[in-house]
């Protein structure tokens, strides 16, 4: 075989190899999944202690089914001495319930422009974060943000812009007693998650026991 023929065959072989490699790379990954079906027997009692029979799924509300799932997981994992897994299991069940409820709930009626103008949005309590409030900023702060150079962490800090703004106008601040968390920092976010988890009245005790089991 002469050199030109060998070169053509090598090029064809390389092209075929690249084509197979590209096809393999384009195939989606496959993850093996195992599923165990667990049948649960539930006995329902009326207010007088009598057994209620002939119940079907439509006799329960979505919230009642959600609470039954939570109680079942609590008994199951506690009975098997797997309480350390309970926070994660309950969080998964709660997430699916809240997500489904958000999808199926009717769209809330939007306020009119007149109602928004009359409303004091700074005093509105958030249903998911009752301790949070809206803050009123002067539009001038955006001009200072454009001029502010990156500070800590290579990010443009709002506090730096506010300090520059304070040289031109009056600013008001609220001094409070308590502990603050820097949720914008990865480590600060993890610290806040752990501390709030330990203080949770529902699963804080189990979470504390789980942390003790870790080999730190």
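Readers should treat all values here as calculations from the given coordinates under stated rules, not as data from a laboratory. What you see is a predicted model; the values in this text were computed from it and never measured. Counting neighbours? That spans all protein chains shown, and the Cβs are built from the backbone with ideal geometry, glycine included.
How much length is gained on full extension from residue 91 to residue 209, taking 0.36 nm per residue of separation minus their Cα-Cα distance?
Working it through step by step, the gained length comes to 40.8 nm.
Is any residue of the stretch 83-106 close enough, with backbone N under 12 Å, to a label point placed 7 angstrom from the Cα of residue 62 along the Cα-Cβ axis, and if so, which?
Within reach of a label on residue 62, which here means backbone N under 12 Å from a point 7 Å along Cα→Cβ, the stretch 83-106 contributes 96-106.
Please compute the modelled spin-label separation between residue 196 and residue 177, points set 7 Å along Cα→Cβ, answer in nm with one decimal.
In this crude spin-label approximation the distance works out to 2.4 nm.
Along the Cα→Cβ direction, 7 angstrom out, place labels at residue 55 and residue 103. What is the inter-label distance in nm?
Each label point is offset 7 Å from its Cα along the Cβ direction, giving 2.6 nm.
Would you mind calculating the gained length between residue 74 and residue 216 on full extension (0.36 nm times residue separation, minus the Cα-Cα distance), in nm to one decimal?
48.4 nm
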